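The values are calculated or read from the model by the stated rules, or taken from the named source; none is laboratory data. None of the values given here were measured: they were computed from a predicted structure. Here the Cβ positions follow ideal geometry from the backbone for every residue, glycine too, while neighbour counts run over all protein chains shown. Surface areas here come from the heavy atoms of the whole protein model, side chains and all, with no ligands, DNA or RNA. Shrake-Rupley method; radii C 1.70, N 1.55, O 1.52, S 1.80 Å.
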Amino acid sequence: MPARNDAALEFLLSRRSRPAKTLVAPAPTREELLPILTAAARSPDHGKLEPWRFIVVEQPAMARLAALAEETGRRLGKSPEDIAKGRGQFDQGQLAVVVVEVQKDSPKILPVEQSYSAGAVCLALLNAALASGWGANWLSGWASHDRGFSAAAFGLAENERIAGIVHIATESSAPPERPRPDLETLTTWMSA
């Protein structure tokens with residue numbers, strides 16, 4: 001019988017993201033954030049390429065990103081509602097970790113596997129923040145998918161893109177439980 005970690009399993013069975021708009025100060029300090037980043041960096045990484053990196057956005061940088069999101073929205077012809085939403089995650093943000101996918105040349109590791117690794121880092125980062133007692137939410141949104149925004153906001157190179165922006169701070173209110181996937185409709189069992 002394998003050794004069980006019931007506390008970890010219970011956490012995973014009950015975990016829920018906290019809406020970014022409900023996160024308030026304080027946010028983790030640099031020292032409090034380091035173990036969370038360390039846990040995220042233990043994600044699956046075929047070939048040990050480390051096809052990702054972190055950019056920690058502290059509260060003073062949020063205003064610049066909010067203005068840049070608004071400027072990007074206007075350039076893209078977004079609706080006022082979309083612009084407000086794109087700007088809002090930075091206007092309200094206390095601290096965020098941008099997980100940057102870094103595509104690396106590899107004769108063995110396909111680009112899609114590098115993308116999967118960056119996505120795994122986002123989820124591990126989110127779960128590590130939640131397990132550490134912080135509220136956290138993994139966002140992206142239209143601005144993060146725009147090359148102009150990601151280059152101006154974070155200095156991303158051509159081989160880089162935003163895999164996710166994980167906001168981390170103090171939870172101000174518990175979100176209600178929401179319906180979860182129906183495993184009966186999503187699972188196929190193969191016995192032969």
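When MET190 is tested against (1) out of contact with any Asp or Glu (no Cβ under 7 Å at 6 or more places or on another chain); (2) outside any helix (DSSP H, G or I); (3) buried (at least 17 other Cβ atoms within 10 Å of the Cβ), exactly one condition is not met: (3). Going through (1) under 20 Å from HIS145 (Cβ atoms); (2) surrounded by fewer than 19 Cβ atoms within 10 Å (Cβ to Cβ); (3) of a type outside the set (A, V, I, L, M, F, W, C) one by one, PRO107 falls short only on (1).
How many residues does the stretch 118-172 contain that are of a type in the set (Lys, Arg) and part of a helix (DSSP H, G or I)? Total satisfying the criteria: 1. Residue pairs whose Cβ atoms lie under 8 Å apart, separated by 6 or more positions or on different chains, with the first residue in the stretch 146-171 and over 20 Å from ASP82 (Cβ atoms) and in contact (Cβ under 8 Å) with a residue 24 or more places away in the chain and the second among the aromatic types (Phe, Trp, Tyr) and assigned to a strand (DSSP E or B), are ALA163/TRP52; VAL166/TRP138.
Within the stretch 141-171, the set of residues being of a type in the set (S, T, N, Q), open to solvent by 20 Å² or more (accessible area, probe 1.4 Å) and over 23 Å from ARG16 (Cα atoms) comprises just one member, ASN159.
Exactly one of (1) closer than 25 Å to GLU70 by Cβ; (2) buried (at least 17 other Cβ atoms within 10 Å of the Cβ) is unmet by TRP134. Its number? (1) is the only condition that TRP134 fails.
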